[in-house]
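The values are calculated or read from the model by the stated rules, or taken from the named source; none is laboratory data. Model, not experiment: these values are computed from the prediction. Here the Cβ is made from the backbone with ideal geometry for all residues, glycine too, and neighbour counts use every protein chain on show. Accessible surface is based on the protein model in full, side chains and every heavy atom, while ligands, DNA and RNA are left aside. Shrake-Rupley method; radii C 1.70, N 1.55, O 1.52, S 1.80 Å.
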Amino acid sequence: MDGRLKTLFTYLLDARSIILGFAVFNFTLIWVWDARITFTCAACPWYHPWSYLNEPTFLLFATLFLRINRWWANTVAIVLAGYVIGYAAHLFSIADDPLEGLRADWKIIRIFYPYIVGSWDGQYVLALIILCCSAFSLKNMFLNRRVVSYSG
């Protein structure tokens, strides 16, 4: 019994599990908050009305693939997190004055939503964490892979 409990705690306290928990909390929080959104921003991490093809959903799936921890799952996590970061860069590149938009968004979001979770900046920080964690895991998988030499 102690071995099973230790394995469970090790699994739950793993960085990937903590990131997954944060992503589930983030997804749920934004889903609940969507009903109260009354403003728009330059690079909102959600669309109003709610859609399941938004950044919190992509980040939730990316963390699920990150938790699987296989080379193909880490690759999918990198693609999903990279899409979220790339989409934010695209939104800011087409804005007339991205710095002024960021300042205005920051003021509005800090007044109505004073937490890092659920704000647009929290989405992109989470995407960056997922991207770095999956890239690091992928690097370790390929560097630590046994090389089989065939002699013929």
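Within region 88-118, the set of residues being open to solvent by 50 Å² or more (accessible area, probe 1.4 Å) and at pLDDT 75 or above comprises 89, 90, 93, 94, 96, 97, 99, 100, 103, 107. So in region 72-95, with the set limited to residues that are among the small types (Gly, Ala, Ser) and out of contact with any Ser or Thr (no Cβ under 6 Å at 6 or more places or on another chain), which one is farthest from residue 62 (Cα to Cα)? For region 72-95, the residue satisfying everything is 95.
For residue 130, state whether it is out of contact with any Asp or Glu (no Cβ under 9 Å at 6 or more places or on another chain), modelled with pLDDT of 75 or more and open to solvent by less than 50 Å² (accessible area, probe 1.4 Å). Yes, satisfied. Taken over region 12-29, residues that are of a type in the set (Phe, Trp, Tyr) and out of contact with any helix residue (DSSP H, G or I) (no Cβ under 6 Å at 6 or more places or on another chain) amount to 2. Reported count of residues in region 59-77, each being open to solvent by 40 Å² or more (accessible area, probe 1.4 Å) and in contact with a Phe, Trp or Tyr (Cβ under 9 Å, 6 or more places away or on another chain), is 5. Of all residues in region 1-27, which are among the polar types (S, T, N, Q) and either within 20 Å of residue 138 (Cα to Cα) or modelled with pLDDT of 90 or more (or both)? If the condition is that a residue be among the polar types (S, T, N, Q) and either within 20 Å of residue 138 (Cα to Cα) or modelled with pLDDT of 90 or more (or both), then 17 is the only one that fits.
Do the conditions hold for residue 80, that is, is it under 14 Å from the mean Cα position of the chain (by Cα), over 19 Å from residue 30 (Cα atoms) and either modelled with pLDDT of 95 or more or open to solvent by less than 20 Å² (accessible area, probe 1.4 Å) (or both)? In short, no. Considering region 7-32, the residues that are aromatic (Phe, Trp, Tyr) and closer than 22 Å to residue 134 by Cβ include one that is surrounded by the most Cβ atoms within 10 Å (Cβ to Cβ), namely 27.
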